[in-house]
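In what follows, a structure is listed as structure tokens, so that the remarks can point back to it.
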Amino acid sequence: MNSAPRVETAELSDAELDNVSGGLSPDVSFYAGSASVSSADVLAQVDAVKDQALNTVGQYAHAGVSISL
């Protein structure tokens, strides 16, 4: 009698994988008159700030952060 555990594998499509991993991120938009802000706009701004910070830090051979209370 074989007592080794059996493992079965299955192919998952991208849509099935999105459902397993929690799905796609929802999009949120705010409107006030003619002005609107969406989560994509906010993420683009955050990404731009991140890139700027990484470029600035990348200019130095040593960088650090010090926090004291």
Open item on the list: List the residue pairs whose Cβ atoms are under 7 Å apart, where the first residue sits in region 40-69 and is modelled with pLDDT under 80, the second is surrounded by 10 or more Cβ atoms within 10 Å (Cβ to Cβ) and assigned to a helix (DSSP H, G or I), and the two are 6 or more positions apart or on different chains.
Closed with: 63/57
Task: Hits in region 1-30 (condition: farther than 30 Å from residue 44 by Cβ and at pLDDT below 70) - done: 1
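The values are calculated or read from the model by the stated rules, or taken from the named source; none is laboratory data. Note that the structure is a prediction, hence the values are computed from the model and not measured. Note that each Cβ is placed from the backbone with ideal geometry, even for glycine, and that neighbours are counted across all protein chains shown.
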